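A.B. asks: The following block contains the structure, expressed as structure tokens.
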Amino acid sequence: MGSEDCIFCKIADGRIPSTFVHEDETCVAFNDLSPQAPTHILIIPRKHIDSLAQTEPDHAVTLGQMLVTAAEIAKNKGFSDDGYRVVINTNSDGGQTVFHLHMHLLAGRQFVFPPG
Ligand code: 5GP
Ligand code: ZN
């Protein structure tokens, strides 16, 4: 799927109006449509990348920024000490359904490991 038809590209570039929890030149964060925890935020790069499997060494800064953003949001929202989980579902076995790279930031309940 090209970025023209990608739902997360539309959110990132404002074609679908959304409320951002965080935005900078590299990535944006917004609430998941179907939350799986009291807090469920998606952090995505502005630039379209299909999945983690498509990343290359050039993407290291973007991937790092996504992780740093997750930690910043956790601190700002006050759940850093209690804890949280970050997840990147990748391709079919990983359960990925939207093919624009995204990181789930989940908090507000106890998570089990390994996940189902
Ligand atoms: P995946 O299964 O690919 O890791 O996660 C995709 C996530 O995107 C799901 O948690 C789903 O609820 C969320 N999602 C799908 N479409 C939309 C949308 O249009 N807006 C928002 N905010 N979340 C979406
Ligand atoms: Zn996209």
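A.B. asks: Examine the range 21-36 for a residue that is touching a residue at least 60 places away in the same chain (Cβ under 8 Å), closer than 23 Å to GLY116 by Cβ and not charged (D, E, K, R), and state whether such a residue exists.
C.D. replies: The answer is yes, given that some residue of the range 21-36 is touching a residue at least 60 places away in the same chain (Cβ under 8 Å), closer than 23 Å to GLY116 by Cβ and not charged (D, E, K, R).
A.B. asks: Could you grab me the full set of residues in the range 85-97 that are open to solvent by less than 50 Å² (accessible area, probe 1.4 Å), more than 11 Å from the chain's Cα centre (by Cα) and of a type in the set (Val, Ile, Thr)?
C.D. replies: THR90, the sole residue that qualifies.
A.B. asks: Still on this structure, I have one more. Consider the range 1-20. How many of its residues are under 21 Å from SER92 (Cα atoms), in contact with a helix residue (DSSP H, G or I) (Cβ under 6 Å, 6 or more places away or on another chain) and either among the small types (Gly, Ala, Ser) or free of Cβ contacts under 8 Å to residues at least 40 places away in the same chain (or both)? Working first, answer last.
C.D. replies: From the range 1-20, those under 21 Å from SER92 (Cα atoms) are 1-3, 5-9; that's our starting set.
Now narrow it down to the ones that are in contact with a helix residue (DSSP H, G or I) (Cβ under 6 Å, 6 or more places away or on another chain): 3, 9.
Adding the requirement that they be either among the small types (Gly, Ala, Ser) or free of Cβ contacts under 8 Å to residues at least 40 places away in the same chain (or both) leaves 3.
The number of residues fulfilling the criteria is 1.
A.B. asks: If we keep just the residues of the range 50-62 that are part of a loop (DSSP other than H, G, I, E, B) and open to solvent by 30 Å² or more (accessible area, probe 1.4 Å), which is nearest to ligand 2 (Cβ to nearest atom)? Give the steps one after another, and end with the answer.
C.D. replies: Applying the first criterion (part of a loop (DSSP other than H, G, I, E, B)) to the range 50-62 yields 50-51, 55-56.
Going one step further and asking which of them are open to solvent by 30 Å² or more (accessible area, probe 1.4 Å), we end up with 50, 55-56.
Values: ASP50: 8, THR55: 14, GLU56: 17 Å.
Among those residues, the one meeting the criterion is ASP50.
A.B. asks: Out of all the residues in the range 68-79, is one or more surrounded by fewer than 14 Cβ atoms within 10 Å (Cβ to Cβ) and assigned to a loop (DSSP other than H, G, I, E, B)?
C.D. replies: Looking for residues that are surrounded by fewer than 14 Cβ atoms within 10 Å (Cβ to Cβ) and assigned to a loop (DSSP other than H, G, I, E, B), one finds at least one in the range 68-79, hence yes.
A.B. asks: Just give me the residues in the range 1-49 being surrounded by fewer than 16 Cβ atoms within 10 Å (Cβ to Cβ), over 13 Å from the mean Cα position of the chain (by Cα), within 14 Å of ligand 1 (Cβ to nearest atom) and not in a loop (DSSP other than H, G, I, E, B), in sequence order.
C.D. replies: Correct list: ASP5, ILE7.
The values are calculated or read from the model by the stated rules, or taken from the named source; none is laboratory data. Note that the coordinates shown come from a computational prediction; the quantities given were computed from them, not determined experimentally. Because the Cβ atoms are built from the backbone with ideal geometry, glycine has one as well, and the counts that use them run over all protein chains shown. Each accessible area value is taken on the protein alone, full model and side chains, heavy atoms only, with ligands, DNA and RNA left out. Shrake-Rupley method; radii C 1.70, N 1.55, O 1.52, S 1.80 Å.
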